[in-house]
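Heads up: the structure comes next, in structure tokens.
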Amino acid sequence: MSAKRQARFEQLRETSKERIERAAMELFARNGYGNTSISQIAHAAGISKGLMYNYYESKEALLKAIVQRGMELGQGMVSSLADDANKPEAWLRKIVDATFQEVQKNPDYWKLMTSLALQEDVMKAVNIEVEAKRREMLAFGENLFSQLGYPKPREQAMLFGAVMDGVMMNFVLSPPDYPLESVKKLLVEQFCKPFRQ
């Protein structure tokens, strides 16, 4: 196969995977992971069930791929902020901005993650990856709040993460009337500044 045909094949494969993952996200978020079958996902993605298994060996593998893609997106978001590495307030503001933009752009992913967080048996399938990323982000936040002079930077990072999670959950559950921009402004005012007694 020529390099050009190979590149085209890879592009088609990636497009199909994105379509499958999008269909799965919507179905998992709406119906729950346990109530969604591979057949339903294949139908929603516009492919055959057999072809579906060419991309993912199981529903669990598909779920892991979706979660992994989301974690890579988050990692990319943080990496793109590297120019403000010496300015913790700027890091936090940009994290808030980027997260709010992403939840508005991709609410299905956040609905899925919200619904999965409440499905303990399902989260076992992706728990190792999610827990490792959670610890990494907590350490990153702890470092930022330490630089800002907070007396309990780890707890402050946990509080910041919990508030961000709560805002995202509330937004995806009631997007038409949720005052996202006002809440974002308050969040920045409360967290993205040096500690003052």
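The values are calculated or read from the model by the stated rules, or taken from the named source; none is laboratory data. This is a predicted model, so every value here is computed, not measured. Neighbour counts run over all protein chains shown; Cβ positions are idealised from the backbone, glycine included. These area figures cover heavy atoms from the full protein model, side chains too; ligands, DNA and RNA do not enter into them. Shrake-Rupley method; radii C 1.70, N 1.55, O 1.52, S 1.80 Å.
Points to keep in mind about this one:
- Remark: LEU116 falls outside the filter, which requires a residue to be open to solvent by less than 70 Å² (accessible area, probe 1.4 Å), over 16 Å from GLY74 (Cα atoms), more than 13 Å from the chain's Cα centre (by Cα) and not small (Gly, Ala, Ser).
- Subset of the stretch 15-72 that is in a helix (DSSP H, G or I) and of a type in the set (Ser, Thr, Tyr) - its residue that is farthest from GLU129 (Cα to Cα): SER39
- Scanning the stretch 161-176 for residues that are of a type outside the set (A, V, I, L, M) and out of contact with any helix residue (DSSP H, G or I) (no Cβ under 9 Å at 6 or more places or on another chain) yields GLY166, SER174, PRO176.
- Filtered residue count, the stretch 73-91, keeping only those that are over 18 Å from LYS133 (Cβ atoms), in a helix (DSSP H, G or I) and modelled with pLDDT of 70 or more: 3
- Some residue of the stretch 161-169 being assigned to a helix (DSSP H, G or I), modelled with pLDDT under 90 and charged (D, E, K, R): yes
- Filtered residue count, the stretch 45-68, keeping only those that are open to solvent by less than 70 Å² (accessible area, probe 1.4 Å) and out of contact with any Leu (no Cβ under 6 Å at 6 or more places or on another chain): 16
- Yes/no for VAL188 being farther than 19 Å from MET71 by Cβ and without any contact (Cβ under 8 Å) to a residue 40 or more places away in the chain: no
- Test result for GLU142, open to solvent by less than 70 Å² (accessible area, probe 1.4 Å), without any contact (Cβ under 8 Å) to a residue 40 or more places away in the chain, in a helix (DSSP H, G or I) and closer than 25 Å to PHE28 by Cβ: no
- Scanning the stretch 115-130 for residues being farther than 18 Å from GLN68 by Cβ and in a helix (DSSP H, G or I) gives a total of 2.
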